[in-house]
1. Which lysines have a Cα less than 21 Å from the Cα of K391, not counting those fewer than 8 places away in the same chain?
2. Where both partners of a DSSP beta bridge lie in region 46-184, what percent of those bridges are antiparallel, to the nearest 5?
3. Between N317 and D98, what is the FRET efficiency for a Förster distance of 30 Å, r being their Cβ-Cβ separation, to the nearest 0.05?
4. Using 0.36 nm per residue, how much length does the chain from S355 to Q302 gain when fully extended, once their Cα-Cα distance is taken away?
5. Roughly how many nanometres apart are two label points built 7 Å out from the Cα toward the Cβ at A267 and D369?
6. Just reorder M259, M239 by solvent-accessible area, largest first, 1.4 Å probe, all chains present.
7. Give the lysines whose C-alpha is closer than 18 Å to that of K129, dropping any in the same chain fewer than 8 places away, or say none.
8. Considering only protein heavy atoms, what is the solvent-accessible area of T104 at a probe of 1.4 Å, reported in Å² to the nearest 10?
Amino acid sequence: MALAFVVAAAGCQSKSGASDVLDPSAIAAPASQAGSTTTTAPAQLTATSAAAPKGNLTLGSGPTKITMLLPLSAPGSAGEDGRKMYDAARLAMTDLGDKLLTLTIEDTRGDSGYAKDLAVKAITSGGAKAIIGPDELAAAQHLAKLSGTQRPPVLALADNFAGGPGVYSVRLSEADSAAAGAAAVAGKGARKFVLLVPAGSNAGAIEARVGNALSIYGAALAVTLPYSASDGAKVVSDMGSLVEAPDAVIVAGGDGSPMPVLAALKAKGIPGKAVTLIGTDRWLERPIDPLYEGAYIATLDQGETGPIADRFKATYNYQPDVNVAYAYDMVALSAGIASSVGPNGFSKQVLENASGFRGSTGLFRFRADGSSQRSMPFFRIEKGKLKLVEKQTSGF
């Protein structure tokens, strides 16, 4: 029964079946479009042009209660992202959730301490069947340390969050992107890999994920070398003295730029015929540089977001981004669970099923340790653009 349900939830798995919820033709046009024949382009707004919603906001009238925590009134980009995710939640409720969910959205103000308090209250009140958010990393990390097996699941929206039991990491992490790219290259026969990773708290997680992915193909990390922003040339020199003839070099970027490392690798002829260069999704947070040329990257499929992106822009008059896709998917997933299993269906068995879910961010699944795993397209950078090599990296 659980597997039958997850194929239906949130447009999972089948492009011709349940995933029709992501097809614009399967969803009524927004009221503002219905019957309209005008060709005048709408004014182009941004999420920052709208005032932050005030107070506790409730969407829908369904029997399944969900709490969503967003930084609606936070300053700067955090607040902008929160308002984008709020609009995404509204669209998902209109598309799928209005009669299934009662979605209460609370403003964390971008304050990690306040977000933690709101989340703990939502978890312990006994009303919510699941919590979507928070977006604040420190708050999500605090929740992952809490004990208890009867609490509702948390679908955390924080970036660079590793996850924890019952507290699931929603976003694609750099560790996932690096591991998927490394696995795709190992699947073609490469065996000896080097990982260059920014020094810091995420280095160990990236190394572990990449090592596990390579082991499936009989490949391995010959060495992992942490680096800082100022020692790109040194780490590449160290690599040359420690490893003879690697098949591939993986360069994680972290919060900084990979450019110093890439320049040093370029001077050594990498990438080249003998050595493959593997990047990560974090590279793509910056404009594609000529030094990216020839590198391979596994990242989210922008084509998956197309149907939702079109409806979102038609409804709210601004271009959506990945924040919109993540928020939409988590509300859609909640609606799918409520529809297929009912209000009490938010169990580990359902959320951690091996088949996973397909949403606007592609195919993903949650693991018992709270991390997420994604099957995503594999690209090569050619002439400043992403060229598709494989439609998706190997399945789960």
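1. K15, K188, K383
2. Values: 4 of 19 bridges.
Antiparallel bridges make up about 20 percent of those DSSP assigns within region 46-184.
3. Details: r = 22 Å, r/R0 = 0.72.
Using R0 = 30 Å, I get an efficiency of 0.85.
4. Computed gain between S355 and Q302 is 16.9 nm.
5. So the label points at A267 and D369 sit 3.7 nm apart.
6. On the way: M259 45, M239 15 Å².
Accessible-area ranking of M259, M239, largest first: M259, M239.
7. Answer for K129, where 18 Å is the Cα cut-off: K65, K99, K116, K121, K348, listed by chain and number.
8. Around 40 Å² of this residue is reachable by solvent.
The values are calculated or read from the model by the stated rules, or taken from the named source; none is laboratory data. As the structure is a computational prediction, the values presented were derived from the model and not from experiment. Using ideal geometry, Cβ is built from the backbone for each residue, glycine included, and neighbour counts are taken over all protein chains shown. For accessibility, only protein heavy atoms count, side chains too; no ligands or nucleic acids. Shrake-Rupley method; radii C 1.70, N 1.55, O 1.52, S 1.80 Å.
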